[in-house]
Amino acid sequence: MSREQALSHYDQNRAAHLESLKNLTRIPSVSFSGYPQEEVRRSAQASAAWLRTSGLRNVQIWEVPGTHPCVYGEWLQAPNAPTVLLYAHHDVQPPLRTELWHSPPFEPTEREGRLFGRGSADDKAGIAVHAASIAAWLQGVGHLPVNVKVILEGEEEIGSPNLTTYLEKYREQLQCDFMVLTDCANYDTGKPSLTTSLRGLVTFELTVSALKSPLHSGMWGGPIPDAVAALCKILATLTDEEGRVAVPGLRDMAIPPTADELADFRALKMTEEIFRQQAGILEGVNLFAKGEDFLVKLWREPALSINALRAGGSGAVGNVLMDSAWARIGLRLAPGMDPEICTRQLSQHLQRVCPWGLHLKIEPEQGAKPWKTHPDHPVFEVAKKSLTKGYGNPAVCIGCGGTIPFVDHFTQVLGDVPALLVGIEDPYTNAHSENESLHLGDFDKAVRSQIHFFADLAESGLRG
């Protein structure tokens, strides 16, 4: 009866929770340099107020000088029950090109069953799932069947550079039996998923220079090496004709999927048609995979992307020989690949292939380790059971091609605590891009799944 009361309470108060999510989405809490820091603090304050309203106790805003604030809350009144640490983050990505949004990025808008707005899914919806599922129990029943602690980070979108500082400072306060980290995606709309692997990431800025300043291309072009052409030559060495990373030694570090993992990939029935639709690939563009290889390449192989190029300015450059050219590249690391070794090997390769004696400046920006877990702890079966109930579809274990640095931070500081990576995004969310959105049907299912999880975990008798 308690479980049904909690589910009923959520159904009756869904509109209020959605309005709270909209209010939080209206705060432009971009954590990147150059954006107002006070907006991230305002987001922390609004998140803390929401946790208090949900019934959590000891709600605090944690601040370390020079960082964006974290939010903490707890409810620890369930004797002999396990303690679950719930994670989400309240900072968001920049809106990018505002002219491409169909509605203002920080004015949440419902359209075709989705809620559009920057942070509506990534990851303020994660905060909403925690707040709504906790309120369903505390307000609808009067108690939770398990103990909960909640931490909401303010720097996830910039790589969690200070999360370890917070975790070490508040280590004792954050001790738990299990973690639920809500910042991932489902395999498809309505298909609940547990993420068991993540790719890592190293990024670089490259500047190739040949001249002290740009020159007239007619007066000087010919004898002088072109910095832009040199950069193009360098970048062309990074991948082969099949799109694979071609830097010697890098791919050798990746741990290949096991036979069981490949069988799991095949069971997901990914097809080229589905993949093209989800990614929005233009007609006629060739792909570098087929069948299960799509998922192997996405989840278990490295991938290199050229994120940006610059030489002169569009509409603001004449017939000149540019003095320099700049690029930003990112290398996604498969499980087994070490960020420091990859940074060193890629830097050496770039220096080796730089042509014509041009000057090459390499600036590594960040490094995050890949992560992988084996879903053999019984809590994974409990979580799959709860997700299946909440979504009405069988839950699956998947990988993720993205990078979430905080997972490694948590496991390093808090020890070998089982981590359940779940989320509310689907392939059409457009996280980090224009027109980010949350599927409202999946939001309801995620809340109901977590309501079930609290009860199922208590009934299982599991402890960390």
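The values are calculated or read from the model by the stated rules, or taken from the named source; none is laboratory data. Treat the numbers as computed from the prediction; the structure is a model and nothing was measured. Every residue, glycine as well, gets a Cβ built from its backbone with ideal geometry; the counts of neighbours run over all protein chains shown. Just so you know, the surface numbers come from the protein's heavy atoms only, side chains and all, with ligands and any DNA or RNA stripped out. Shrake-Rupley method; radii C 1.70, N 1.55, O 1.52, S 1.80 Å.
Summary table below
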read-out: Residues that are of a type outside the set (D, E, K, R) and under 17 Å from residue 371 (Cα atoms), drawn from the range 317-338; value: 331, 333, 334, 335, 336, 337
read-out: Of the criteria (1) surrounded by 18 or more Cβ atoms within 10 Å (Cβ to Cβ); (2) closer than 20 Å to residue 187 by Cα, which one residue 289 fails; value: (1)
read-out: The range 240-256 residues that are closer than 15 Å to residue 334 by Cβ and in contact (Cβ under 8 Å) with a residue 60 or more places away in the chain, paired with ones that are open to solvent by 80 Å² or more (accessible area, probe 1.4 Å) and not in a loop (DSSP other than H, G, I, E, B) (beta carbon under 7 Å, 6 or more apart); value: 245/251
read-out: Search result, residues across the range 150-164 that are part of a strand (DSSP E or B) and under 23 Å from residue 366 (Cα atoms); value: 152, 153
read-out: Of residues in the range 366-412 being within 18 Å of residue 296 (Cα to Cα) and among the hydroxyl-bearing types (Ser, Thr, Tyr), the one surrounded by the fewest Cβ atoms within 10 Å (Cβ to Cβ); value: 373
read-out: Test result for residue 279, closer than 30 Å to residue 428 by Cβ, among the small types (Gly, Ala, Ser) and surrounded by fewer than 18 Cβ atoms within 10 Å (Cβ to Cβ); value: yes
read-out: Among the residues listed as 182, 189, 195, 207, the single one being of a type in the set (Ser, Thr, Tyr) and more than 30 Å from residue 390 (Cα to Cα); value: 207
read-out: Residue 41 vs. criteria open to solvent by 30 Å² or more (accessible area, probe 1.4 Å), free of Cβ contacts under 8 Å to residues at least 24 places away in the same chain, part of a helix (DSSP H, G or I) and touching a Gly at 6+ places or on another chain (Cβ under 9 Å); value: no
read-out: Enumeration of residues in the range 88-117 that are within 14 Å of the chain's Cα centre (by Cα) and surrounded by 24 or more Cβ atoms within 10 Å (Cβ to Cβ); value: 88, 89, 90, 91, 92
read-out: Residue 129 in contact with a Leu (Cβ under 8 Å, 6 or more places away or on another chain), open to solvent by less than 10 Å² (accessible area, probe 1.4 Å), β-branched (Val, Ile, Thr) and under 23 Å from residue 448 (Cα atoms); value: no
read-out: Strands (runs of 3 or more DSSP E) (entirely within the range 165-252) containing at least 3 residues that are open to solvent by less than 50 Å² (accessible area, probe 1.4 Å), farther than 24 Å from residue 309 by Cβ and at pLDDT 95 or above; value: 178-185, 193-198
read-out: Selection count where residues are surrounded by fewer than 16 Cβ atoms within 10 Å (Cβ to Cβ) and closer than 23 Å to residue 401 by Cβ, scope the range 307-344; value: 6
read-out: Residue in the range 51-60 that is farther than 30 Å from residue 169 by Cβ, free of Cβ contacts under 8 Å to residues at least 24 places away in the same chain and not in a helix (DSSP H, G or I) present; value: no
read-out: Subset of the range 36-75 [touching a Pro at 6+ places or on another chain (Cβ under 7 Å) and among the hydroxyl-bearing types (Ser, Thr, Tyr)]; value: none
read-out: Complete set of residues in the range 44-66 that are open to solvent by 20 Å² or more (accessible area, probe 1.4 Å), among the polar types (S, T, N, Q) and over 18 Å from residue 141 (Cβ atoms); value: 45, 58, 60
